[in-house]
Amino acid sequence: MAQAIKQPNIHSNKNRGNTIQHTSATRVVSLSKSYPNSVTFYQQIAMARKGVPSNRLNSIVKRTGLSLGDWSRYIHLSERTIQRHVKKKVAFRMPQAERIIEIEALVKLGDKVFGDHTKFIQWLKSSNVAFGGKVPSSFLDTSAGIHIVSSELHRMEHGIFA
């Protein structure tokens, strides 16, 4: 569910001795339009700070079809460390938790845009002209890269192709 957050944005303009203040309109901060059954950015932050249970990553790995090696590169932990977390049921903390949550949301968006998980994963692992001939999944090791891939998916969703 979207949360409406009133965020004042006060600007002063002291030209000619006048001070003008204006407040921005209410902004809705939510991922719900992009990701069905998703959470708000604030909920994502809270979840990342709390940590992602290792069994959740295990479930995501199985569901996405991305290999443990892929996830190792994305969250900057060795495969063996990930396996130990899962075996000992240790939650992933920041920054790994944040990356897991971001990629999970990206996969939900990709599934929605493509309408088929297999086609989305194939697109994610294939070179793409929109990414300078690079493979979109190669960008998932940074938040900025995830944002770039997400932006491209949004363009595709609206019929804007590279």
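The values are calculated or read from the model by the stated rules, or taken from the named source; none is laboratory data. As the structure is a computational prediction, the values presented were derived from the model and not from experiment. Every residue, glycine as well, gets a Cβ built from its backbone with ideal geometry; the counts of neighbours run over all protein chains shown.
Considering (1) over 19 Å from the mean Cα position of the chain (by Cα); (2) modelled with pLDDT of 95 or more, say which one Q83 fails and leave the rest.
(2)
Scan the range 103-134 residue by residue and report those that are among the aliphatic types (A, V, I, L, M) and farther than 14 Å from S150 by Cβ.
Taking the range 103-134 as the starting set, the residues that turn out to be among the aliphatic types (A, V, I, L, M) are 103, 105-107, 109, 113, 121, 124, 129-130.
Matches in the range 103-134: I121, V129.
Could you identify the single residue in S127, S78, S59 that is closer than 24 Å to M156 by Cα and surrounded by fewer than 17 Cβ atoms within 10 Å (Cβ to Cβ)? Outline the logic, then answer.
Values: S78 fails: closer than 24 Å to M156 by Cα; S59 fails: closer than 24 Å to M156 by Cα.
After ruling out the rest, the residue left standing is S127.
Under 6 Å between Cβ atoms, at least 6 apart or on separate chains: pull out the pairs that start in the range 138-162 with a residue that is closer than 26 Å to S78 by Cβ and end on any residue that is small (G, A, S).
Close Cβ pairs satisfying both conditions: F139/G145.
Modelled with pLDDT of 90 or more and either surrounded by 12 or more Cβ atoms within 10 Å (Cβ to Cβ) or under 29 Å from W123 (Cβ atoms) (or both) - does that describe any residue in the range 32-50?
Of the residues in the range 32-50, the ones modelled with pLDDT of 90 or more are 50.
Now restrict to residues that are either surrounded by 12 or more Cβ atoms within 10 Å (Cβ to Cβ) or under 29 Å from W123 (Cβ atoms) (or both): 50.
Looking through the range 32-50, at least one residue is modelled with pLDDT of 90 or more and either surrounded by 12 or more Cβ atoms within 10 Å (Cβ to Cβ) or under 29 Å from W123 (Cβ atoms) (or both).
What residue, among those in the range 130-146 that are in contact with a Phe, Trp or Tyr (Cβ under 9 Å, 6 or more places away or on another chain) and not in a loop (DSSP other than H, G, I, E, B), is nearest to I103 (Cα to Cα)?
By that ranking, first place goes to I146.
I'd like to know if the range 98-117 contains one or more residues that are without any contact (Cβ under 8 Å) to a residue 24 or more places away in the chain and part of a helix (DSSP H, G or I). Lay out the reasoning, then the answer.
Keep residues of the range 98-117 that are without any contact (Cβ under 8 Å) to a residue 24 or more places away in the chain, which gives 111, 114-116.
Restricting the remaining residues to those that are part of a helix (DSSP H, G or I) gives 111, 114.
The answer is yes, given that some residue of the range 98-117 is without any contact (Cβ under 8 Å) to a residue 24 or more places away in the chain and part of a helix (DSSP H, G or I).
I need the helices (runs of 4 or more DSSP H) fully contained in the range 41-91, keeping only those with at least 2 residues that are out of contact with any His (no Cβ under 9 Å at 6 or more places or on another chain), under 19 Å from D111 (Cβ atoms) and among the charged types (D, E, K, R).
On the way: elements: 41-50, 54-64, 68-75, 79-88.
Where helices (runs of 4 or more DSSP H) fall fully within the range 41-91 and carry at least 2 residues being out of contact with any His (no Cβ under 9 Å at 6 or more places or on another chain), under 19 Å from D111 (Cβ atoms) and among the charged types (D, E, K, R), they are 54-64.
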